[in-house]
Amino acid sequence: MAPAGGGVSENGSFKHSEQTSSSIFEIGDSDLTRLLERPRALTIERKRSFDERSFSELSVASPRQFYRNSENSSRLFENIGSIHSGFSTPRSYSTFETHQVVADAWAALRKSIVNFRGQPVGTIAALDHSTEELNYDQVFVRDFVPSALAFLMNGEPEIVKNFLLKTLRLQSWEKKVDNFTLGAGVMPASFKVLHDPVRNNETIIADFGECAIGRVAPVDSGFWWIILLRAYTKSTGDASLAELSECQRGIRLILTLCLSEGFDNFPTLLCADGCSMIDRRMGIYGYPIEIQALFFMALRCALQLLKQDEEGKEIGDQIVKRLHALSFHMRSYFWLDIKQLNDIYRYRTEEYSHTAVNKFNVMPDSLPDWVFDFMPKFGGYFIGNVSPARMDFRWFCLGNCVAILSSLATPEQGHAIMDLIESRWDDLVGEMPLKICYPAMETHEWRIITGCDPKNTAWSYHNGGSWPVLLWLLTAACIKCGRPQLARRAIEVAETRLMQDGWPEYYDGKKGRFMGKQARKNQTWSIAGYLVAKMMLEDPSHLGMISLEEDKRMKPHIKRSASWMC
């Protein structure tokens, strides 16, 4: 599977080899090649999350309203045949003519493929030669996830397997930022393939945060790696990769780093600004919802992947205990609906002892004015952050969607999140899906919290910008909640502009009307996110790769959401 026009010479110039030797990671020609045979074919168990009468609704030609069945909404698909929706993927045998936007997206995705010694190992962040590349010519772990899902859904697992193995080898490399050594389990934020035409040799250089803007190590890379390993295993039926001693050790290293005991009183994971998709200063320090949801999902995926040997059982016990505590904490204290908002509005402060209601000593006067208008009568969401004397009431898309997919959100909470999106469609979707967060910070607040970041001005980039890559997460969450009509509606909005605009990285403005002022074109995860969303609507059984059913054993007693009516 060679990328169109994507030879090794495009992977990087050897002029970068002046990096220190500790930053260069060479892999032998024969390394891991024995592991790259194609996995055996396996029929994936079909799942369902909505009533069978609704399957015809997945056709683009069918305009009827999707039937919502709350009893079936948490179950995945069972015994469903492949459904074609008026467009086809390259490996699809639909009689319909291929959708032009889909065809263009696949062509662009294949051009982004990076090869290492003759084998595909990932996709670069963007193929935009009209602006300075910076690190957009690298393979990012988080960016590659939608690309990997697209290839898995299209029956091309080789590139995903190669990526998982190469990043696993990089995990064991020495990681230093200046003179400080990072933990053994840290996964790289990105890597780059460098080609030496003189010696006809290729090397891989990894970035663990030492070259990043702000010099922040990625907390989410390890979680995405575990989630992707589970998606590969579910898609191919090839458990041999996850069972390798190297992969088992890699999972344990990531989790040991996160499960270590310390001074923190909370089961959530303490993080710095810039440690996730929002990789700049945006006031998400503390316990950001994106990291907590990914942490929860990675823990649950790891339980399925770890062997039941002595080492696996030991860390498995730690995972189960953390999951119980984390699910209770997040569902209780991060959840916001109209009832909870009213309770916070009436909080007393300076409460002491175990009977305190305002456990984090949040000041009611800190409630922002916008949240009262934003919160619908029926709906709710996980807020951005909770820590002592502080609640970040902003809506963050990735964290809420992953909460649904991982079943961190109860079925009731999942439906409430969908209700909120539908009620606030103009604000969160607008003219280009989908707001990374809402609302934007402006004026004095923007100056203080972002440090006057010129890229994160109001309604731009991470500060209220619209990111097409989030389409795949929205689509997966909608299907799981039995609301695929919302995803189809968002995709139709995106299709009016994405290909025409050249697949930008993000859009600006309150409604996403303007192409991002510094947005790269041919942004790979914008392309892949669109493809994954389309293929999941075409065949909802793909949801099984990225979705986890609720574990009844860790469901605490939660007050019924005010947004859910029996």
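The values are calculated or read from the model by the stated rules, or taken from the named source; none is laboratory data. Worth saying up front: this structure is predicted, and the values here are computed from it rather than measured. Counting neighbours? That spans all protein chains shown, and the Cβs are built from the backbone with ideal geometry, glycine included. Quick note on the areas: whole protein, heavy atoms, side chains included, nothing else; ligands and nucleic acids left out. Shrake-Rupley method; radii C 1.70, N 1.55, O 1.52, S 1.80 Å.
Going by Cα centres, the stretch 304-381 and the stretch 510-533 are how many Å apart?
Between the Cα centres of the stretch 304-381 and the stretch 510-533 lies a distance of 32 Å.
Using the heavy atoms of the protein chains alone and a 1.4 angstrom probe, what is the accessible area of the stretch 111-545 per residue in square angstrom? Let's see the in-between values first.
Details: 15230 Å² over 435 residues.
I get 35 Å² per residue for this part.
Apply the a/c threshold of 1.5 to the C-alpha gyration tensor of the stretch 320-430 and tell me whether it is rounded, prolate or oblate.
oblate
Please give me, ordered by residue number, the GluC sites (Glu not before Pro) of the stretch 226-321 that lie in loop per DSSP and have at most 14 other Cβ atoms within 10 Å.
Working: sites: GLU243, GLU246, GLU261, GLU290, GLU310, GLU311, GLU314; in loops: GLU261.
Counting only loop positions with at most 14 other Cβ atoms within 10 Å, the GluC sites (Glu not before Pro) in the stretch 226-321 are GLU261.
Looking at the stretch 408-502, which trypsin sites (Lys or Arg not before Pro) are in a loop (DSSP not H, G, I, E or B) and have at most 15 other Cβ atoms within 10 Å? List each step's numbers first, then the result.
Numbers: sites: ARG424, LYS435, ARG447, LYS455, LYS480, ARG488, ARG489, ARG497; in loops: ARG424, LYS455, ARG497.
Counting only loop positions with at most 15 other Cβ atoms within 10 Å, the trypsin sites (Lys or Arg not before Pro) in the stretch 408-502 are LYS455.
Quick one: length gained pulling ASP501 to THR443 fully straight, 0.36 nm per residue minus the C-alpha distance? Show your work: numbers first, answer last.
Working: separation 58, 0.36 × 58 = 20.88 nm, distance 2.98 nm.
This chain segment gains 17.9 nm when fully extended.
Please work out the C-alpha center-to-center distance from the stretch 165-196 to the stretch 439-501 and express it in whole Å.
When both Cα centres are located, 30 Å separates them.
Compute the length gained on full extension between SER245 and ARG348: take 0.36 nm times their separation in residues and subtract their Cα-Cα distance, giving the result in nm to one decimal. Numbers along the way, then the final one.
Working: separation 103, 0.36 × 103 = 37.08 nm, distance 5.30 nm.
Full extension of this stretch gives 31.8 nm more.
When only DSSP loop residues count, what trypsin sites (Lys or Arg not before Pro) in the stretch 186-293 have their Cβ near at most 13 other Cβ atoms within 10 Å? Intermediate results must be reported in sequence, preceding the final value.
Details: sites: LYS192, ARG199, ARG215, ARG230, LYS234, ARG249, ARG252, ARG280, ARG281; in loops: ARG199, ARG215, ARG280, ARG281.
Those satisfying the criteria are ARG199, ARG215.
Order the peptides 498-504, 470-476, 180-186 from the highest to the lowest mean number of other Cβ atoms within 10 Å of their residues.
Numbers: 498-504: 19.6, 470-476: 27.0, 180-186: 14.7.
Packing proxy ranking, top to bottom: 470-476, 498-504, 180-186.
Which entries of LYS111/LYS517; LYS339/LYS455; LYS339/LYS435; LYS455/LYS521; LYS234/LYS534 show an alpha-carbon separation above 27 angstrom in the structure shown? Let's see the in-between values first.
Working: LYS111/LYS517 24 Å; LYS339/LYS455 36 Å; LYS339/LYS435 25 Å; LYS455/LYS521 16 Å; LYS234/LYS534 20 Å.
Over 27 Å apart, Cα to Cα: LYS339/LYS455.
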